[in-house]
Amino acid sequence: MRTTRRTERVASLIRNTIGQLLLAKISDPRIDPAKTSVTRVEVPDDLLTAKVYVSVIGTEAEQRTTLRALRHAAGRVQELMMREIRL
């Protein structure tokens, strides 16, 4: 995947926005924002999708639980992101 300045800026904006959403708007008790961080976002040139990479600190069981909760909350995160980000 080729990265341009624009896709890098959009990826950074998405990464920061998701980080803020995890802190303020996602209230799932399985997701501890103090132990979960968005490490990287990859965005293709068409800007239609994004692959989000996260890091979770904790035991393997806690990591699995958090990742499961994040997958479950993906639709809600997308919805909130659409409200926050204007391209």
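Things to note:
- Counting only DSSP H runs of at least 4 residues, each contributing -39500 (n - 2.57), and dividing by the residue count of the chain, the helix-based mean residue ellipticity at 222 nm comes to -16500 deg cm²/dmol.
- Mean shadow area of region 41-87 over all directions, Cα convex hull, nm²: 3.9
- 1.4 Å probe accessible area per residue over the chain, in Å²: 71
- Nonpolar atom fraction for the chain, defined as the carbon and sulfur part of the 1.4 Å probe accessible area, stands at 51 percent.
- For the chain: rounded, prolate or oblate by the Cα gyration tensor [a/c cutoff 1.5]: prolate
- Calculated FRET efficiency for the pair residue 32/residue 71, C-beta based, R₀ 22 Å, to 0.05: 0.90
- Other residues with beta-carbon under 9 Å from the beta-carbon of residue 52 carry, at +1 per Lys or Arg and -1 per Asp or Glu, a net charge of +2.
- Per residue, the average separation of C-alpha pairs within less than 8 Å and at least 6 apart gives the chain a relative contact order of 32 percent.
- Electrostatic dipole magnitude of the chain [Cβ: Lys, Arg +1; Asp, Glu -1; Cα centre; debye, to 20]: 160
The values are calculated or read from the model by the stated rules, or taken from the named source; none is laboratory data. These numbers were taken from a predicted model, which means no experiment stands behind them. Note: ideal-geometry Cβ built from the backbone for every residue, glycine included; neighbour counts use all protein chains shown. Areas reflect the complete protein model, heavy atoms only, side chains present, ligands, DNA and RNA absent. Shrake-Rupley method; radii C 1.70, N 1.55, O 1.52, S 1.80 Å.
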